[in-house]
1. If I filter segment 71-102 down to residues being more than 7 Å from the ligand (Cβ to nearest atom) and under 18 Å from Ile45 (Cβ atoms), which single residue comes out as surrounded by the fewest Cβ atoms within 10 Å (Cβ to Cβ)?
2. Which members of segment 51-70 meet the condition of being at pLDDT 80 or above, within 15 Å of the ligand (Cβ to nearest atom) and not aliphatic (A, V, I, L, M)?
3. Does segment 163-188 hold any residues that are outside any loop (DSSP other than H, G, I, E, B) and closer than 17 Å to Val317 by Cα, and which are they?
4. Assess whether Glu217 counts as being more than 23 Å from Ser311 (Cβ to Cβ) and of a type in the set (Asp, Glu).
5. Confirm whether Ala21 is away from the ligand (no atom under 15 Å from the Cβ) and out of contact with any strand residue (DSSP E or B) (no Cβ under 6 Å at 6 or more places or on another chain).
6. Evaluate segment 387-405: report whether one residue or more is in a helix (DSSP H, G or I) and buried (at least 17 other Cβ atoms within 10 Å of the Cβ).
7. Only one of these is at pLDDT 90 or above and over 27 Å from Ala332 (Cα atoms): Arg158, Arg138, Arg98, Arg167. Name it.
8. Among the residues of segment 34-48, are any under 38 Å from the mean Cα position of the chain (by Cα), within 14 Å of the ligand (Cβ to nearest atom) and at pLDDT 90 or above?
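The values are calculated or read from the model by the stated rules, or taken from the named source; none is laboratory data. Bear in mind that the values here come from a model prediction, so they are computed numbers and not experimental data. Heads up, the Cβs are rebuilt from the backbone with ideal geometry, glycines too, and the neighbour counts pull from every protein chain shown.
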Amino acid sequence: MAENETNGSGYHRYHIRAERAGDIEKWPSRFRVEVKRAGLAKLIIGEVFHYGPRNKDVILSRPCMYGVFSGPVGGFAPREQHCVGCLRCTTEFPDFVRVSHNAERRKLGDSYFDFRVVDSVSYEAESGLVPVKGAGYRGKFGGEGWDGMWTDMSEIVRPTRDGIHGREFISTVVDIGARPNFLSFDADGKPNGRTPHVFQIPLPLVLDTLPPSAASEKTWRITAAAAAQLGTLAVIPLGAVLQYNLESPHVVPLVKPSEKDNLHVLAHAPRLIEMDGWDEGLLRAIHDTFPESLVALRIPFTSAKELLKFSKKGIRVFHLLADYHGRDPHGAFVLDLIRAAHKAFVEAGIRQEVTLIGSGGIIHAEHIPKAILCGLDAVALDTPVIAALQGRFHGECRERETSRFSLPRKLTVEWGAQRLVNLAASWRDQLLEIMGAMGLREVRRLRGEMGRAMFMKDLERDAFLGVQGYEPRR
Ligand code: SF4
C-alpha cells in the first residue's frame, strides 16, 4: 500500500509499499525443457559414483542452478516454470537436454500487447520491482511508435538526481483541474476572477474503466481499492459505483448522458466526474447537482478546433482516448495525437488552464515519461490493468467496447489490488529513474518538455538527408 512517511516536521514522503503477489493462475512457462531419460539416467549414475549416494539433493539438482532439475524426481520431470533460458544445461549436455521457447507462452497478449510486454507487466505486478534484463540489451535501439522516441538523459549538462534509492526526493505529484493563467483582485485585495480549482494525486497514473468483457463487481472493487491505496483515482461507471456502493474520494464516476437523472443518488460530491462523451445537458446536470466537482470530458483524440470548442464550453479536464493499440480511426499513433492535443492548448495560450489525461497504447513503464514529455499530465491505465490481473486476451484486442478478455476465476479483491499497487510501484520507480537521469525534480516539469525528447525520424533525416538510398520515415 501507499503511505506517507513523516519526519516530525510535517514533511511527508510518498512511498508505495509493494508486497509479493504471485500468480493465482498457472500460466504457460517461458521455456520448454526436454530431457532424454536415458542420457539423464547415465549422468545421474555417474554423479552417484562421484558424490556418493547420500548427496541426493546435489545429484538430482544438476545441471540447473535455477531449480528446474530439483523436483522430487529431478530432471525426469523438469520444473519448467523455473527456467530462465540461460542454456547452461543444453550447452553442457547437448546430447540429452533441449531448451526451446514455449509456443503457448507466445500466445499471451495480442500483436500490440505481445507476450514480452505480458512478461514485463506480470513480473512488475508480482514483485513491484524494476525488471532487470542483465547481460546487456540485445534488442533494437529504435523503431516504430514509442520506439521512435528517445529521452535525453545527458548527465553532463544536468545534475543527476537520486530518487529511486530515496537519497533525494523527486516529486511525482500532478494537479488535476483548472488553473487560470492569472489572478485578478478587487480593491480589497480579494480575488474577483477565476481562481484555481485543482486537486492533486501523488503519481501521474490513474486506473481507467475496464471494457465490458472484464467488468465485474470484483474488478471494480479491485480498481477502487488499488486507487485508494495508491491515493490516485479509478474511473468506474456510475451504475457500478451505485450498485456496489463504491463511492470514495478515489473513485471517478463515469456518467453517460442517459444517466444524468441518477447523479443525485450519489451521497457525496466526487472530486472528479467524467462525462462519457459530450452532452450539454449532462454538463449542466453535473454542475447543478455537484457544483464543487470538477468535470472531465472523455472523448477520442480529436482536432485542435474541437478541443478548443469544448474548452470554451467550460471543460477543463480532458480524458482523451486512442484504441488499445494506440491508434485513432485514421491510423495516427497516440504519441503524435498527444503532441497535437498539447500543442493546440499551448498555441491558444491556455495550456495551464487544462489537464490532459490520456489512454490507449500506453502499456510499458517507459511509455509514461514519454507520454508526459509529449504533453499529458497523467496517464489512465487500461490494458496493463488486465494483464496485471493475469487477464487473457482473446484475439486482437483493439476496440474498447468489443475486445474480449477473460480474468482468472480465482481472482480476489485483495490479490488484485496488491497486483495493481505493485505495478504502480514498479512504474513509479522507473519514472523516478528516468527523471533522475534527466536531473528533474518533479514530474510536472516533465510535461511537454520536448527539449528532453529526440525523435528517430528527425535524427535520421538530419544525418542522412541527401544520402543515396535514404527514405524519410513518415
Ligand atoms: S536453460 Fe538454464 S535455467 Fe533452463 S533448465 Fe537449462 S540450466 Fe536451467
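1. Val73
2. Those that are at pLDDT 80 or above, within 15 Å of the ligand (Cβ to nearest atom) and not aliphatic (A, V, I, L, M): Cys64, Tyr66, Gly67, Phe69, Ser70.
3. Pass one, segment 163-188, residues outside any loop (DSSP other than H, G, I, E, B): 171, 174-178, 185.
Val174, Asp175, Ile176, Gly177, Ala178 - these are the residues of segment 163-188 that are outside any loop (DSSP other than H, G, I, E, B) and closer than 17 Å to Val317 by Cα.
4. Working: more than 23 Å from Ser311 (Cβ to Cβ): yes; of a type in the set (Asp, Glu): yes.
Yes; evaluated as a whole, the condition is true for this residue.
5. On the way: away from the ligand (no atom under 15 Å from the Cβ): yes; out of contact with any strand residue (DSSP E or B) (no Cβ under 6 Å at 6 or more places or on another chain): yes.
It is true that Ala21 is away from the ligand (no atom under 15 Å from the Cβ) and out of contact with any strand residue (DSSP E or B) (no Cβ under 6 Å at 6 or more places or on another chain).
6. From segment 387-405, those in a helix (DSSP H, G or I) are 387-388; that's our starting set.
Of the ones still in play, those that are also buried (at least 17 other Cβ atoms within 10 Å of the Cβ) are 387-388.
Scanning segment 387-405 turns up at least one residue that is in a helix (DSSP H, G or I) and buried (at least 17 other Cβ atoms within 10 Å of the Cβ).
7. Values: Arg158 fails: at pLDDT 90 or above; Arg138 fails: at pLDDT 90 or above; Arg167 fails: at pLDDT 90 or above.
Step by step, each of Arg158, Arg138, Arg98, Arg167 is checked, and only Arg98 is at pLDDT 90 or above and over 27 Å from Ala332 (Cα atoms).
8. Among the residues of segment 34-48, at least one is under 38 Å from the mean Cα position of the chain (by Cα), within 14 Å of the ligand (Cβ to nearest atom) and at pLDDT 90 or above, which makes the answer yes.
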